[in-house]
1. Restrict the check to the stretch 352-373 and report whether at least one residue is in contact with a helix residue (DSSP H, G or I) (Cβ under 6 Å, 6 or more places away or on another chain) and farther than 26 Å from residue 404 by Cα.
2. Considering only the stretch 270-290, state which residues are crowded, with 21+ Cβ neighbours inside 10 Å and farther than 19 Å from residue 323 by Cα.
3. Could you say whether any residue in the stretch 391-400 is in a loop (DSSP other than H, G, I, E, B), closer than 23 Å to residue 147 by Cβ and at pLDDT 95 or above?
4. If you take the residues of the stretch 298-326 that are under 22 Å from the mean Cα position of the chain (by Cα) and assigned to a loop (DSSP other than H, G, I, E, B), which of them is surrounded by the most Cβ atoms within 10 Å (Cβ to Cβ)?
5. Does residue 402 satisfy the condition of being surrounded by fewer than 19 Cβ atoms within 10 Å (Cβ to Cβ) and in contact with a strand residue (DSSP E or B) (Cβ under 7 Å, 6 or more places away or on another chain)?
6. Just the residues that are in contact (Cβ under 8 Å) with a residue 40 or more places away in the chain, under 24 Å from residue 347 (Cβ atoms) and assigned to a helix (DSSP H, G or I), please, taken from the stretch 262-297.
7. Has the stretch 229-248 got any residue that is in a loop (DSSP other than H, G, I, E, B) and within 23 Å of residue 137 (Cβ to Cβ)?
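The values are calculated or read from the model by the stated rules, or taken from the named source; none is laboratory data. Owing to the predicted nature of the structure, the values given are computational and were not obtained by experimental measurement. Here Cβ is always computed from backbone atoms with ideal geometry, including for glycine, and neighbour counts include all displayed protein chains.
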């Protein structure tokens, strides 16, 4: 079995070696020999990264049971906040919901059906009423599904994510204070008015479908200690919703879908003719400085781009021939580009004619809203049963928007030709 810790330790040692060479050799001291040595270390780091990625994929597969244990712990914490009567209702709903997943309505008692129709206990004071034909997932189950969304894409890693119980349009205040300043006031003179100029934008609740996930009869009938059907279905639903929401949060048009961060970002730098599929160091410098310093100093500042773009960025050098990309030692000291951390997002446009292929700025200014109601439908009609399957469909609601009135995020645009 691959030792992930050993790989990370090896990477950290290589990263430290490369950084020392780059940072301690400036100007003429950064010779061709040192440059070749650094390039060799970077090649080693790429190899180690590939091994780490493979090990992490296997660890995620092996760690499904651990995630399920974490879900049970979250459920235990929720139960602790309930009264005895609510705890009994909560446990009954969870048991009825599991029975619904495996056997469907035909295999349930009248009492279980009544529990599902009444809706789950969501907190110490509230219950939720399900939509006709489907059932709201238990509170802990829905929370685990929403948490699973963060594992896909990249937007949830950097955006500000919040959840609301309902889906009514949410007015969000916007303000641009980057140019505002105070004043010197002489003795016995009143201070001038300096009202903040507030605006508002609406964050809604777009309805998303997972599309139907078809599960074989055998998986439902033969589940044993090693098979958690709830976790299997939850992961399948989460992956589908995560992929489409990440795409919309990235490049959504804003018409019938969330406005993505790429769509909302203004142009900070357009490449000169001849760079339809490339970028140079000066382009990145200009993009960086197109963002107000007030935003560049915030904790959420960074780059975002596709993995193929990162491949090209790793080749760029500064005026002394030193690479712009530096490897990190750990998650606390991640890889950086020109001193800023970056996020890989595979829904970002790849470099092409007129593509907004690189973002820079305060990425946390993008807001993602989750509605804490997830409805699940189960289909056992002939369309599925003749194939030996049961269908499951989840509905959830989300929205996203770049809400700051200023320009916290800017884009690099490749040339038209």
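1. No, the stretch 352-373 contains no residue that is in contact with a helix residue (DSSP H, G or I) (Cβ under 6 Å, 6 or more places away or on another chain) and farther than 26 Å from residue 404 by Cα.
2. 271
3. Just the residues of the stretch 391-400 that are in a loop (DSSP other than H, G, I, E, B), to begin with: none.
No: zero hits.
4. First, pick out the residues of the stretch 298-326 that are under 22 Å from the mean Cα position of the chain (by Cα): 298-311.
Among the residues that remain, those that are also assigned to a loop (DSSP other than H, G, I, E, B) are: 298-300, 306.
Numbers: 298: 14, 299: 7, 300: 17, 306: 20.
Filtering the stretch 298-326 for residues that are under 22 Å from the mean Cα position of the chain (by Cα) and assigned to a loop (DSSP other than H, G, I, E, B), the one surrounded by the most Cβ atoms within 10 Å (Cβ to Cβ) comes out as 306.
5. Numbers: surrounded by fewer than 19 Cβ atoms within 10 Å (Cβ to Cβ): no; in contact with a strand residue (DSSP E or B) (Cβ under 7 Å, 6 or more places away or on another chain): yes.
It is false that residue 402 is surrounded by fewer than 19 Cβ atoms within 10 Å (Cβ to Cβ) and in contact with a strand residue (DSSP E or B) (Cβ under 7 Å, 6 or more places away or on another chain).
6. Those that are in contact (Cβ under 8 Å) with a residue 40 or more places away in the chain, under 24 Å from residue 347 (Cβ atoms) and assigned to a helix (DSSP H, G or I): 262, 264, 283, 284, 287, 288, 295.
7. We begin by selecting, within the stretch 229-248, every residue in a loop (DSSP other than H, G, I, E, B); these are none.
Within the stretch 229-248 (the criterion being in a loop (DSSP other than H, G, I, E, B) and within 23 Å of residue 137 (Cβ to Cβ)), the answer is no, since none of the residues qualifies.
Table: residues versus (1) surrounded by fewer than 14 Cβ atoms within 10 Å (Cβ to Cβ); (2) assigned to a loop (DSSP other than H, G, I, E, B); (3) modelled with pLDDT under 80.
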{"residue": "95", "(1), (2), (3)": "yes, no, no"}
{"residue": "101", "(1), (2), (3)": "no, no, no"}
{"residue": "124", "(1), (2), (3)": "yes, yes, yes"}
{"residue": "133", "(1), (2), (3)": "yes, yes, yes"}
{"residue": "143", "(1), (2), (3)": "no, no, yes"}
{"residue": "156", "(1), (2), (3)": "no, no, no"}
{"residue": "177", "(1), (2), (3)": "yes, yes, yes"}
{"residue": "180", "(1), (2), (3)": "yes, yes, yes"}
{"residue": "193", "(1), (2), (3)": "yes, yes, yes"}
